[in-house]
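Worksheet for the structure shown next.
The values are calculated or read from the model by the stated rules, or taken from the named source; none is laboratory data. This is a predicted model, so every value here is computed, not measured. Please note: Cβ atoms are built from the backbone with ideal geometry, for glycine as well, and neighbour counts cover all protein chains shown.
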């Protein structure tokens with residue numbers, strides 16, 4: 001099977017498209033989806049769009065009761081049927097929690113016995129957090145954003161492979177431009193930098209999609225990395241207001257810069273990658289603004305905010321990271 005080129009396909013959508021617009025006319029009845037972090041910011045909008053199109057959606061949450069309250073307040077129907085959303089406990093920073101969630105899903109505890117997963121959107125993340133270690137000493141951003149989703153996806157592989165053309169969407173960001181994978185010091189044991197650690201985690205999210213697609217395509221499972229765009233959400237909870245003002249993200253009065261998308265716009269690329277018929281037979285690419293992204297034009301004025309850097313789609317590094325992640329977690333659906 002040929003490799004999908006890292007070039008735009010002319011999707012007909014763009015930066016200002018919303019999640020509801022990209023899924024309009026697509027029938028997801030009979031489909032099951034999981035959206036991590038699906039009760040906040042663009043995750044909530046992703047869930048809303050998938051459920052409105054008829055999918056049965058599971059939202060894993062570190063605080064399940066809080067998630068249920070938020071979803072109820074947002075008017076998202078609760079339940080396990082078409083167009084309904086159920087919530088289950090999951091802490092991505094805790095590998096034992098990931099295993100419990102995956103086992104429950106495979107046992108069909110959440111969706112009434114379907115045994116199939118059609119869409120997995122690895123959306124949850126932490127950003128620029130203070131230095132913290134989880135598990136056996138893993139740096140928390142790498143552990144939560146990448147290793148948690150790596151384990152989750154591999155454990156759910158039987159359900160993904162049982163679907164018909166399942167898709168996995170891995171949320172990266174332009175943060176990937178801040179750092180490649182630091183194979184020599186992946187846990188920042190020396191010189192922790194919150195932004196470089198975030199950058200490495202977002203590069204990992206992109207490389208994960210590259211390798212998952214290479215491993216899964218023969219089973220009909222395709223994977224995509226997605227940059228949702230800049231959105232002001234709870235993802236910024238670790239950032240002081242002064243730092244966001246200095247970065248130009250907001251002014252002194254708290255008005256958000258016009259460059260930022262709304263949550264509904266931010267969710268659009270994830271929903272597009274998960275559902276668009278235009279991507280049939282494709283995968284292993286990084287997407288932005290509801291299309292496949294172009295490679296970064298190094299040295300150009302937009303290089304920091306547009307396109308995908310070579311290190312985030314490098315196939316050799318993707319395979320190397322997969323091997324390392326399997327060694328760290330002890331989980332690999334494709335071993336042997």
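Tabulated values for the structure
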| item | result |
| --- | --- |
| Looking only at region 257-281, and only at residues there that are part of a loop (DSSP other than H, G, I, E, B) and surrounded by 22 or more Cβ atoms within 10 Å (Cβ to Cβ), the one that is nearest to the chain's Cα centre (by Cα) | 267 |
| Matching residues, region 110-129, being assigned to a loop (DSSP other than H, G, I, E, B), out of contact with any helix residue (DSSP H, G or I) (no Cβ under 6 Å at 6 or more places or on another chain) and at pLDDT 90 or above | 118, 124 |
| So residue 302, is it out of contact with any helix residue (DSSP H, G or I) (no Cβ under 8 Å at 6 or more places or on another chain), modelled with pLDDT of 95 or more and not in a helix (DSSP H, G or I) | no |
| Candidate set from region 285-320 (those that are surrounded by fewer than 23 Cβ atoms within 10 Å (Cβ to Cβ), touching a residue at least 12 places away in the same chain (Cβ under 8 Å) and on the phi > 0 side of the Ramachandran plot); member that is farthest from the chain's Cα centre (by Cα) | 307 |
| Considering residues of region 325-336 that are in a helix (DSSP H, G or I) and touching a helix residue (DSSP H, G or I) at 6+ places or on another chain (Cβ under 9 Å) only, the residue surrounded by the fewest Cβ atoms within 10 Å (Cβ to Cβ) | 326 |
| Restricting region 29-50 to residues that are more than 17 Å from residue 266 (Cβ to Cβ) and crowded, with 24+ Cβ neighbours inside 10 Å, the residue that is nearest to the chain's Cα centre (by Cα) | 34 |
| Filtered residue count, region 305-324, keeping only those that are in a loop (DSSP other than H, G, I, E, B), touching a helix residue (DSSP H, G or I) at 6+ places or on another chain (Cβ under 8 Å) and modelled with pLDDT of 95 or more | 3 |
| Filtered residues of region 67-104 (kept if in a helix (DSSP H, G or I) and farther than 15 Å from residue 149 by Cα) | 67, 68, 69, 70, 71, 72, 73, 104 |
| Hits in region 166-180 - residues which are closer than 24 Å to residue 99 by Cα and either in contact (Cβ under 8 Å) with a residue 60 or more places away in the chain or in a strand (DSSP E or B) (or both) | 167, 168, 169, 170, 171, 172 |
| Among the residues listed as 135, 148, 163, the single one being out of contact with any strand residue (DSSP E or B) (no Cβ under 6 Å at 6 or more places or on another chain), in contact (Cβ under 8 Å) with a residue 40 or more places away in the chain and on the phi > 0 side of the Ramachandran plot | 135 |
| Residue 183 vs. criteria at pLDDT 95 or above, surrounded by fewer than 23 Cβ atoms within 10 Å (Cβ to Cβ), over 26 Å from residue 45 (Cα atoms) and in contact with a helix residue (DSSP H, G or I) (Cβ under 6 Å, 6 or more places away or on another chain) | no |
| Flag if residue 30 is on the phi > 0 side of the Ramachandran plot and without any contact (Cβ under 8 Å) to a residue 60 or more places away in the chain | yes |
| Matching residues in region 152-165 - criterion: being part of a helix (DSSP H, G or I), under 29 Å from residue 197 (Cβ atoms) and in contact with a helix residue (DSSP H, G or I) (Cβ under 6 Å, 6 or more places away or on another chain) | 152, 155 |
